[in-house]
Structures are given as structure tokens and as C-alpha cells.
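Worksheet for the structure shown next.
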Amino acid sequence: MFRNRHAAAERLAEALAHLKGEHPLVLAIPRGGVPMGRVIADTLQGELDVVLVRKIGAPGNPEYAIGAVSEDGSVHLEEAARGCREAWLAGEVERQRELIAERRRRYTPVRSPIDPAGRLVVVVDDGSATGATMAAALATLRQRGPARLVAALGVAPPDTVARLETLADEVVCGEVPERFGAVGQFFADFDQVGDDEVVALLGAGPAGDGSRA
């Protein structure tokens, strides 16, 4: 179990130490991945931005991802989504697209997203049960031509890690428990990350000096 997201990020940064000096582009999945992304970007002397992907939660169980929507509008559905009503699914996809657009306006209001083309890209999240959100992020980013694509997660079950290994050039995961219920059960402190904190972290430079990285 991790003490908090910061502790999880420190472990991931240690595992990714071989990337230091390559100026990686660290793309965090909001909101929980952003505090971790800040630590990793600072440690590896990289650049921080967000990759905006929203999971589609199962009816009656919104924490369980049955798919995801990417910022480019693409939709990635899991096998579990086959039983969902088409009208409900279409409405949920549209709702997530609107939330993505709203987050981009809020998070980076004065600049465009950082282009991953030709970059060493590290995608960070605090954890994943099904891998749907991370998989959608990786698939979307792969189309944009990064030189190398790395997935870094605090915690995920073995089958999810194996799945992500088919989509990324490298996968680093802090904890890979056989028995997995929810991401939060592996953090002593798993407080919600707010939008204001995300904005502040994106605006902070190395060690939070207030400048852009």
C-alpha cells in the first residue's frame, strides 16, 4: 500500500530513472494522475501536460470502466459495453466529450496541448482496474507519432498490466496485486484531486517554482 499519490509517484520515478536526461513529455490523466505526473516530470527533468481521456462507467457502477472517450473524439469500448442500451451509451459519450472540452478550457486556457510527435512520452495515472482509460490514452497518442510511449501506473491487476504491455513500449506499475478491488484501497490517503490543484500543478515548474517546466 502507498502512503499517498506522492509516494507512489516517487516509486515510479525511481523505476523510470533511466529516462532522466531525455526530456520526456509526461502526460498525466486527470485528475488523480496529475500530482503524480508533477513529481515524475520534475524528477526526470521533463515537461508536464495532461492527456484528456474520460472513462465511461458502467450503469449503476460508474467506477467500473466499460470504455473511454479521448480528446480527439474517438471512443474505445470494452466487451462489457455490449449489453448497454445504444441511446444510453450515446448520451454518456456526448457527456464525456463535453467534460473533456470543459477541462481543456480550464486546464490550459492560454496555450495548445503540447505536441507528443517525436517525443519520449510517459502517460501517468494513479491506477487502473480494467485499463480502459489508459488504453484509450495510449491508442490516441500512438496515432500522433511519439518516438516512444511509456505507461506508468501506481497500481493495476496483472491482466491489466499485460494488456497495456501490448499498447505501450514500456509499462511501469508500482503495485500489481492479484486481488484487486478498487484503486483507492491501495492508498492510505486517496483524497480527491480538485480542478484548482490540477491547474496549479500544470502551472508549476520544477519543484513548484511557479514557472513552466
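Take the alpha carbon gyration tensor of segment 56-213, find the square roots of its eigenvalues, order them as a ≥ b ≥ c, and report rounded if a/c is under 1.5; if not, report prolate when a/b exceeds b/c, else oblate.
Working: a/c = 1.38, a/b = 1.21, b/c = 1.15.
It is rounded, given that a/c, with a ≥ b ≥ c, falls under 1.5.
Can you put Glu22, Glu175, Glu86 in order, fewest other beta carbons within 10 Å first? Write down the numbers at each step before the final one.
Working: Glu22 15, Glu175 18, Glu86 7.
Listing Glu22, Glu175, Glu86 from fewest to most nearby Cβ atoms yields Glu86, Glu22, Glu175.
R0 = 30 Å: FRET efficiency of Ala162 with Glu22, Cβ-based, nearest 0.05? Display every interim value, and only then the final one.
On the way: r = 26 Å, r/R0 = 0.87.
For R0 = 30 Å, the calculated efficiency reads 0.70.
Which of Ile56, Ile114 has the fewest other C-beta atoms within 10 Å, and how do the rest follow up to the most? Don't skip to the answer; put the middle values down first.
On the way: Ile56 27, Ile114 17.
Placing the least packed residue first, the sequence is Ile114, Ile56.
Find, among the trypsin sites (Lys or Arg not before Pro) in segment 65-118, those assigned to loop by DSSP (not H, G, I, E, B) with at most 15 other beta-carbon atoms within 10 angstrom. Can you show the working numbers first?
Details: sites: Arg82, Arg85, Arg95, Arg97, Arg103, Arg104, Arg105, Arg106, Arg111; in loops: Arg85, Arg111.
When the trypsin sites (Lys or Arg not before Pro) of segment 65-118 are filtered for loop state and at most 15 Cβ neighbours within 10 Å, Arg85, Arg111 remain.
If Rh is defined by the Kirkwood formula over all Cα pairs and Rg also comes from Cα, what ratio Rg/Rh do you get for segment 1-129?
Numbers: Rg = 16.2 Å, Rh = 15.9 Å.
Ratio of gyration radius to Kirkwood radius: 1.01.
How large is log10 I(q)/I(0) at q = 0.21 Å⁻¹ when the Debye formula is applied to the Cα atoms of segment 74-148, each weighted equally and without solvent?
Each listed q maps to, in turn, -1.19.
With only alpha-carbon atoms in the gyration tensor, what are the semi-axes of the equivalent ellipsoid for segment 106-162, in Å, largest first? The partial results should precede the final answer.
Values: eigenvalues 103, 42, 17 Å².
Result for segment 106-162: semi-axes of 23, 14, 9 Å.
Assign one of three labels to segment 1-61, namely rounded, prolate or oblate, based on the Cα gyration tensor with a ≥ b ≥ c the square roots of its eigenvalues; rounded applies when a/c is under 1.5, prolate when it is not and a/b is larger than b/c, and oblate otherwise. Walk me through the numbers before you get to the answer.
Numbers: a/c = 2.91, a/b = 1.64, b/c = 1.77.
Since a/c reaches 1.5 but b/c is at least a/b, the shape of segment 1-61 is classed as oblate.
Between Arg142 and Leu99, what FRET efficiency comes out of the Förster formula 1/(1 + (r/R0)^6) with R0 = 22 Å and r the beta carbon distance, rounded to 0.05?
It comes to 0.40.
Considering only DSSP beta bridges whose two residues both sit in the chain, what percent are antiparallel, to the nearest 5? Before the final figure, lay out the partial values.
Details: 9 of 29 bridges.
Expressed as a percentage, antiparallel bridges in the chain total about 30.
Report the relative contact order of the chain, percent, no decimals, based on alpha-carbon pairs under 8 angstrom and at least 6 residues apart.
Values: 424 pairs, mean separation 52.4, N = 213.
Dividing the mean separation by the residue count of the chain yields 25 percent.
Hey, fewest Cβ within 10 Å first, where do Thr140, Thr108, Thr133 land in order? Please list the in-between numbers first.
Working: Thr140 22, Thr108 17, Thr133 25.
In order of increasing Cβ crowding within 10 Å: Thr108, Thr140, Thr133.
Say R0 is 30 Å: what FRET efficiency, to the nearest 0.05, do Val110 and Asn4 get from their beta-carbon distance?
Details: r = 30 Å, r/R0 = 1.01.
That gives a FRET efficiency of 0.50.
Which whole-Hz couplings ³J(HN,Hα) result when phi for each residue of segment 24-33 is put into the Karplus expression 6.51 cos²θ - 1.76 cosθ + 1.60, θ = phi - 60°, listed in order with x for Gly and Pro?
In residue order, the calculated couplings are x, 9, 9, 10, 8, 8, x, 9, x, x Hz.
Read-outs throughout are calculated quantities, based only on the coordinates presented, and are distinct from any laboratory measurement. Since this is a predicted model, take the numbers as computed values, not measurements. Using ideal geometry, Cβ is built from the backbone for each residue, glycine included, and neighbour counts are taken over all protein chains shown.
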